[in-house]
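Asker: Sharing a structure here in structure tokens format.
No value in this document is a laboratory result; all are computed from the given coordinates. Small disclaimer: the values here were computed from a predicted structure and weren't measured. With ideal geometry, Cβ positions are generated from the backbone for all residues, glycine too; neighbour counts draw on all protein chains shown.
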């Protein structure tokens, strides 16, 4: 039977590198909101054009929200590295 070396959780074995990314992004609702907007936009193409307009508005809101959240996370990571 082979003996195994004891390693701490933060210690890497020789020749190993830490997996990327070390930081996992926070969960967000924006992808679900975007899917909701796409669904409305496509549903409006079949039914009434006003529903498409609402869907496109939801898609714009989701895109802006997602980008703002991503930029906030990037800024907080940059400040954490300082």
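Asker: Any chance you could run the full-extension gain for residue 35 through residue 61? It's 0.36 nm times the residue separation minus the Cα-Cα distance, nm to one decimal.
Answerer: Using 0.36 nm per residue and subtracting the Cα-Cα distance, I get 8.2 nm.
Asker: When N is the residue count of the stretch 30-81, what does its C-alpha Rg come to as a fraction of 2.2 N^0.38 Å?
Answerer: 1.49
Asker: Once label points are set 7 Å from the Cα along Cα→Cβ at both residue 70 and residue 18, what is their separation, rounded to one decimal in nm?
Answerer: Simple spin-label model gives 2.4 nm for this pair.
Asker: Using Cα pairs under 8 angstrom and six or more residues apart, how large is the relative contact order of the stretch 30-81, in percent?
Answerer: Relative contact order of the stretch 30-81: 35 percent.
Asker: Let me ask something additional. Using alpha carbons only, what's the Rg to Rh ratio of the stretch 9-48 with Rh from Kirkwood?
Answerer: Looking at the stretch 9-48, the ratio lands at 1.47.
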